[in-house]
Amino acid sequence: MPLPVNPATTRLSALPLYAIGAVLSAALLAHAVWLPWPLLIFLYALIGNKVLWQWRFARALPWWLRVPSFVLAVTAAVASTGSPLSRDGGVALLLALAALKYQETQTLRDGRLLIAALLFISMTTFLFDQNLLVSIYTVTVTVAAFAAMTLLRRHDDVSGLTELRSTLLGAVRGSGRLALAALPLAVVVFLFFPRLGQPLWGAPWNSSQGKTGIGDELRPGMISKLWADDTPAFRVSFDGPIPPPRELYWRGPVLLSFDGQSWRRSPFERLADGYPLTFDDDRVQRYDVLMEATDQHWLFPLDLPIAAPRGARLLSDGQMMTLRNIVAPRRVQLRSASHGQLETTPLRGSLSAARRLPPGNNPQALALAQRWRAEGRDDAAVMAAALALFHASFGYSLEPPPLTPERSVDEFLFETQSGYCEHFASAFAFLMRAADIPARVVTGYLGGIYNGSGNYWTVRNSDAHAWTEVWLPGRGWVRVDPTSAVAPERIDRGNNERALPQAGRWYNAGWAAIWRDRFDVVSRWWRQRVVDFDALRQQQLLTPFGIANAAINQLLIALCIGSLAAVLFGAWWSLRGRQRHANDPLLAAWHGFGQRLQKRGCGRNPNEDPLHFCQRAARALPRDAARILELGKTFTRYRYASAASRDQIQSLVRGLRQFRPS
Amino acid sequence: MATAMARWRTWLLARAERRLPALTRLRQPESLPIQLHSRRIYIVPTRFGLLFALVVLAMLLGALNFNNNPALLLTFVVVSIAVLSFHHTVNNLRGLSLEGLRATPVHAGEVMAVEFLFAEDGSSERPALILEHAGHEVAFSLSPGSRQSVALPMATQSRGRFHCGRLRLWTEYPFAIVWAWSWLHPDQSLLVYPRPEAAAPPLPGQSSDAAGSQFRSPGEDWQGLREHHLGDTPKRIAWRASARADRLLVKEFADPINAALVLDYAELSALDPEQRISRLTRWVLEARDRQLTFRLRLPGQAFGPGTGPDFVAQCLRALALLP
């Protein structure tokens, strides 16, 4: 069987072509979340077409199929995702080119090129998401790419399902074992490899584009968009007692200016150089927040925050934001006062903005509030009247009738009377302002899920909430959550799902909840220990060896020693694995038997046949002579003479394994 | 470009072999069996390996630049798998041994299928091995503890002892990122028969009408005694006469046909030695084809009379090994 040398002319057989197609499809799947679906479908069609063509005709695609698909795919990629220099555009183009390359893959060289490209493409998945599931999936795809690489050199076509199965299994098992053996080395290098202080080029692409999250504006429908999103927004672990869920108000943007349609942040926010918070030192919560990447700068401290951590600032209205957008998961330590009072003496000009309403807006609501005032009610009574109104006839609904933006408050109060937190907060704040009580809308999150396995709280995007604050003389800004007047269970449970139509999702069932919690613990570990790993933590790695802040040369020495050890271990482990008789339990048992006899000073000579060996062993160990001879004879008979049944072989395997020289 | 590269590579290899014989193990043929141990297995990245390194470098730079830890970890997993695969590539050769080689002799100028017998030491599966010689490659694989003979075609030039020269056993298994090879230079020689003359005259003393009596068994007419030569069958020794004469004598019988078919080197004095050998070879083959009994006389040696494959092989061997 002479074999051409040149990879450029060696044609790939069908099996490696299909294998590459499978790996390419799997790599593409990881991008399905963000890739525009027409492009995704088109790329899958390209792959499928190639596979069909190979299967049906066993030859290359003709040019009249390749040229149009090239033009189409590149145009579609550029048109639907933007500039090839942006993250999305670049990756989409790369994916399109890989699918096109697959179309014309015929030779060994094409196959290798494509697999090398696939390794890079797998990595680009992490530009979009870095969570545990994505990471596991991506590593799996990479190992599959290596398995496909071992298949490339097969020149003969596989015939029959059994052979196909054993070939594929062999390739997957081989590269899987290699990957396992490689893991210690990878971890050592990961831990000790020097990190860049500054990026070499460009700003890091954010990894959260297109993600929902709380923004600086409250418009009808904004929060309900988040309810579909069950991904964690942040995780919190408390030092000390945990407040009840109904008090877990995670404070986000404070919206002060109302233009008649939507609530926005005030352009006149100031840094809290004299942050007007009075609080009781005894009732301070300390906690640790692990933020997911949001590409925004909001932090969500527990109401009310005391001070900003490093790299963040605190505004006088209790908004906390990082100096730079959170593009990668970030951990902060915070303190909050659960019973603090904010701005008991008003800062100059802050209250007038909180009373302002656009003239002529929502006249019915305005008239209602002014009538309450005219009836001589004080601030507290007006608030009570509004809450009573909500309580009396309003309903909580996730899908309320749509409202006209210009008169949304009037329509909500007098016509539809049904909505969710943002409707109630918006209407309540409007009524208060109409009654000349300073009021503002606060957005953020409410509650969270307690994870018993890891003793921390997970706050998800679906926990998004909006409430109001009113300023009362002598008490400062007081939190009022009008939603509680309508749907107290929404507040008590601290978990909207159970109060809402989507309640009873399968993963809230008992067993699923336990596993979900466990998975979340691992996820959180991944976030904290791997995704968040940085130069600072790297310096602390050698602390157990007495080096507190390791310098770069110490890290490099550790890298060398560690990787040497890991290479030796990996090579030993994976090669040792090859010597096992994985497919032949009888032979494996026989070798174990031989080793046990060797320990008793009766080693097997390589050129000795089993029977002679057993006779010699029987002479050396007279007490076990009968048993040794019997096993040896049976082994010889089953292995070399007659076809033994499966049961017979199994009983012999058991006998060999259980034998111990007395 | 490609040819220039190839030429440059050949030049470089030749130079390296001249300068660094210890490194390239060119020179000394070794006696069989040749066992491959780590020190004689060399390993070098393939062209794909260089591409692979470029891709990994790109991954590394990207991951470092974006401070993307999962991407960095993935990159290191890829690098680690590649590094460990080097061991597997070397291990695919290590412990293998070349136990022997054999070939059915052919005539000079023909292609000889040389079979190399490889043995696996029982440790592991060895897929995708390639034996290479002078541009010919054969792929094979060995299962644990097995032996396998691998045939390579080799062109022969001249009669006599044939040395297969240096062979390369190489593998790129599993990922073709690196290739490992080892030189095999067995000292065992093989036999190449002389090239038969293309247009040789007919067998001496043969006429077409005599062909009918060729199956007559020799030895009907007693002719006399002669001195014993090496190669004479013991049946024909005249024991009594030998005892009287104090030396071995052999009975000679008159056999008109066989007496005529003597292939004698000395009679072809008009030709130069190689031409004589070539012609004798042709005649031997012809006699074999016609199943004639014949004698072959070479300088200092005489064979026959005899017939059959063993006798023919003996004659051809003698012709091949003439100085």
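The values are calculated or read from the model by the stated rules, or taken from the named source; none is laboratory data. Keep in mind that what you see is a predicted model, and the values were worked out from it rather than measured. So basically every Cβ, Gly included, is an ideal-geometry build from the backbone, and we count neighbours across all protein chains shown.
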Item to check | segment A:470-479, residues that are in contact with a helix residue (DSSP H, G or I) (Cβ under 7 Å, 6 or more places away or on another chain) and crowded, with 20+ Cβ neighbours inside 10 Å | outcome: A:Val470, A:Trp471
Next on the checklist: Considering only segment B:151-171, I want to know if a residue exists there that is surrounded by fewer than 22 Cβ atoms within 10 Å (Cβ to Cβ), within 13 Å of the chain's Cα centre (by Cα), among the charged types (D, E, K, R) and farther than 20 Å from B:Val111 by Cβ.
Outcome noted: no
Next on the checklist: Go through segment B:63-91 and report how many residues are over 20 Å from A:Leu564 (Cα atoms), touching a helix residue (DSSP H, G or I) at 6+ places or on another chain (Cβ under 7 Å) and either more than 7 Å from chain A (Cβ to nearest Cβ) or part of a helix (DSSP H, G or I) (or both).
Outcome noted: 5
Item to check | Any hit, segment A:289-312, residues being buried (at least 18 other Cβ atoms within 10 Å of the Cβ), of a type in the set (Val, Ile, Thr) and either out of contact with any Leu (no Cβ under 8 Å at 6 or more places or on another chain) or modelled with pLDDT under 80 (or both) | outcome: yes
Next on the checklist: When you check B:Arg161 against the structure, is it farther than 28 Å from B:Ala6 by Cα and touching a helix residue (DSSP H, G or I) at 6+ places or on another chain (Cβ under 9 Å), yes or no?
Outcome noted: yes
Checklist entry - Do the conditions hold for B:Pro204, that is, is it in contact with a strand residue (DSSP E or B) (Cβ under 9 Å, 6 or more places away or on another chain), in the same structural domain as B:Leu322 (by TED's automatic domain parsing) and not hydrophobic (A, V, I, L, M, F, W, C)? => result yes
Next on the checklist: So if I check each of A:Ala45, A:Ala79, A:Ala8, A:Ala60, which one is away from chain B (no Cβ under 14 Å), in a loop (DSSP other than H, G, I, E, B) and surrounded by fewer than 18 Cβ atoms within 10 Å (Cβ to Cβ)?
Outcome noted: A:Ala60
Checklist outcome for this item: Note: among A:Trp526, A:Trp515, just one is away from chain B (no Cβ under 14 Å) and closer than 25 Å to A:Ala233 by Cβ, namely A:Trp515
Checklist entry - Looking at segment A:86-144, which of the residues that are among the basic types (Lys, Arg), surrounded by fewer than 23 Cβ atoms within 10 Å (Cβ to Cβ) and at the interface with chain B (Cβ under 10 Å from one of its Cβ atoms) is nearest to A:Trp526 (Cα to Cα)? => result A:Arg87
Item to check | Hits in segment B:139-152 - residues which are facing chain A (nearest Cβ under 10 Å) and more than 18 Å from A:Leu151 (Cα to Cα) | outcome: B:Pro144, B:Gly145, B:Val150, B:Ala151, B:Leu152
Checklist entry - Residue check, A:Met432 against (1) at pLDDT below 80; (2) crowded, with 24+ Cβ neighbours inside 10 Å, all met but one. Which one? => result (1)
Next on the checklist: Every residue in segment B:105-135 that is at pLDDT 85 or above, within 14 Å of another protein chain (Cβ to nearest Cβ) and over 30 Å from B:Ala6 (Cα atoms), please.
Outcome noted: B:Ala119
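Residue-wise test of (1) modelled with pLDDT of 75 or more; (2) not aliphatic (A, V, I, L, M).
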position: B:Glu220; (1), (2): no, yes
position: B:Ile237; (1), (2): yes, no
position: B:Lys251; (1), (2): no, yes
position: B:Ile257; (1), (2): no, no
position: B:Tyr265; (1), (2): yes, yes
position: B:Leu268; (1), (2): yes, no
position: B:Pro273; (1), (2): yes, yes
position: B:Arg279; (1), (2): yes, yes
Next on the checklist: A:Ala571 - would you say it is within 11 Å of chain B (Cβ to nearest Cβ), farther than 30 Å from A:Ala328 by Cβ and small (Gly, Ala, Ser)?
Outcome noted: yes
Checklist entry - Taking only pairs six or more apart or across chains, which ones have beta-carbon atoms under 8 Å, a first residue in segment A:7-26 that is within 16 Å of A:Leu164 (Cβ to Cβ), and a second residue that is outside any helix (DSSP H, G or I) and among the charged types (D, E, K, R)? => result A:Ser13/A:Arg154; A:Ser13/A:Asp156; A:Ser13/A:Asp157; A:Ala14/A:Asp157; A:Leu15/A:Arg154; A:Leu15/A:Asp157; A:Pro16/A:Arg154
